[in-house]
Amino acid sequence: MTSYAAFETLAEFESFYREEIAPAMAADDDLSSDPASQTPPYAWLKSNYSGFVERLRRDYGLSPGEFYDEVGLPPNGSDDNSWGLTHGPTTTALDGYITELARDRGRAESTVDSRRARLRTYVGTYRDTHDRDDLLTPLLDESAKPDEIARMKAVFRILDDRLGTLASKRKYVSAVKNWYTYLEETGRATYNPARNLTRRFGWDRRPVYDHPALSTADLDALLSVADADERFLLLLLAGWGLRPVEACQLHVDQLVLDPQDGDTPYVEFAAGERKNARRTRNTVAILVGADAVGTRIERLADDDWSGHLLPSPEGGPITTQTARRWLRDLGERADVTVDGDRPKPKMGRRTWYRLYRAQRPSITADTAAVADAQGSSDPSVSERNYLDERTRREARADAMADLVREELAAVFEQYLP
C-alpha cells in the first residue's frame, strides 16, 4: 500500500500519478477518460485514491484540478497540438488568446500556464461530451445561442463532479468566460455563452478558501521555536505579505533598503514578474524587519552565495514545497494548528492581507481625493494613470504602518536579530 505521507514534493505526487494513476485509468473499462489527454473524474480519483486526494488538500492546499494545473497534467500538455482539437480556427483562437495574455497583457508565466491548462481541460471535455471540436461556428449564429449555452453548461456539469472546491470551479469559469470575451472582442463571436454561468450553477457565492490567517498568538508561538531561516520565511510571508513563491525566490537585487529622500524601504519586482501583473503593484513596502534583512545578508554573503535570501543547499532558492515542509514541521514543534491543519505558507500571507483589507478604505479614500482634484470620476483610473509607483507605495505604507507596528512589529522584533 502506497504511503502518501512519505511524499516530500509535488514531483513525487506527479510521478505517482504518471506511474500508477494514469495506467489504472487506462485499465479501467468503465472509465471513458483517456489518460494521454485527460485527467480522471474527481469521483473516480476520490474512490480509488482517497489518500492521494486528502494529502494534496491537507498539506499542499490543492484540489485535484489545482494539482493538475500546478504540474502540467495531462501528460500530453506540452505537445504541439496541446489543445487536442482538429478544428484549425478554434486552435488558432485559443493560441491567439494565450499569446495576447503573455505578450500584450503582461500576465505572469504562472498565470498564463494556469489559463492554458484550464482552457485545455474545458475544450477537451467539450470535444468528448459533444463529439465536436469546432467551438467557433455556433458563436456567430444568434439562432444557435440557446443550444450552445446548453452545450457549454453540460461541460461544466461534468467539471462540477471533477473539481474539488468552489474556488477552483470559479477559476475555471473565469478562464472560459474570459476566452469567450476575447472571441467577442476580436470579432469571432456575437455572444458569450458563459456570461452568467456562475449564477446559474450557484457558484456566485463567496468561496471559502482553504487558508485562513495566522493569528498574532500563532506567530508568536511559531517564532519562539523557529530557527533563523524559518523566522525569516515567516517575516516575508506575514510581515511583508509576499506570495509564497515570491518569498522563496526573493533575491538581494530586489531589495531597496536605503531609498532616497526618506522613502520607505521596499522590494521591487520587474514589470510583469508578479502574478496578475497588470493589477498588482510592482513594489512592496518593508514595514517590519528591515534591520534584520541587513543582518541576514551579512550572514549569507560569501563568494558562492547566489543572492537568494532563502537559499537551498544546492545554491538556488528554496522551493514552495520546502517552505510548506518548514511550516508544517514548525507547526508540529510549536503545537500550532489553524482550523485543524498545520500552518501553510498561504496562511502567513493572509495574516498580512487581513490587515491590508482593513486599511483598504483609507487608501481608496486618499486616491479618491486625488481623483476628484484631477476631475476623474474613477479613483482606480486616477491611481493607475496619474500616481507614480512611489506615491502609491507611500500611500499604502502610511495606511498600513500603524496596524503593522501594532499587530506584527512587536511580535517579530522579539525574535529577529
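Please state which one of 284, 293 is crowded, with 17+ Cβ neighbours inside 10 Å, at pLDDT below 90 and outside any loop (DSSP other than H, G, I, E, B). It would help to see each step written out before you state the result.
Working: 293 fails: at pLDDT below 90.
From the options 284, 293, the qualifying one is 284.
Can you pull out the residues in the range 335-348 that are surrounded by fewer than 19 Cβ atoms within 10 Å (Cβ to Cβ) and not charged (D, E, K, R)?
Answer for the range 335-348, where residues must be surrounded by fewer than 19 Cβ atoms within 10 Å (Cβ to Cβ) and not charged (D, E, K, R): 337, 338, 340.
If residue 201 satisfies all but one of (1) in contact with a helix residue (DSSP H, G or I) (Cβ under 7 Å, 6 or more places away or on another chain); (2) buried (at least 19 other Cβ atoms within 10 Å of the Cβ), what's the number of the condition it fails?
Condition not satisfied by residue 201: (2).
Looking only at the range 220-252, which residues are on the phi < 0 side of the Ramachandran plot and in a loop (DSSP other than H, G, I, E, B)?
226, 227, 240, 242, 243, 249, 250
Kindly indicate which of 117, 150 is farther than 26 Å from residue 71 by Cα and part of a helix (DSSP H, G or I).
150
Out of all the residues in the range 336-345, which are outside any strand (DSSP E or B) and at pLDDT 85 or above?
Filtering the range 336-345 for residues outside any strand (DSSP E or B) gives 336-337, 339-340, 342-345.
Matches in the range 336-345: 336, 337, 342, 343, 344, 345.
For every residue, the table says whether it meets (1) over 21 Å from residue 45 (Cβ atoms); (2) in contact (Cβ under 8 Å) with a residue 12 or more places away in the chain; (3) among the hydrophobic types (A, V, I, L, M, F, W, C); (4) in contact with a strand residue (DSSP E or B) (Cβ under 9 Å, 6 or more places away or on another chain).
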site: 136; (1), (2), (3), (4): yes, yes, yes, no
site: 146; (1), (2), (3), (4): yes, no, no, no
site: 150; (1), (2), (3), (4): yes, no, yes, no
site: 159; (1), (2), (3), (4): no, yes, yes, no
site: 172; (1), (2), (3), (4): no, yes, no, no
site: 200; (1), (2), (3), (4): yes, yes, no, no
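The values are calculated or read from the model by the stated rules, or taken from the named source; none is laboratory data. What you see is a predicted model; the values in this text were computed from it and never measured. Here the Cβ is made from the backbone with ideal geometry for all residues, glycine too, and neighbour counts use every protein chain on show.
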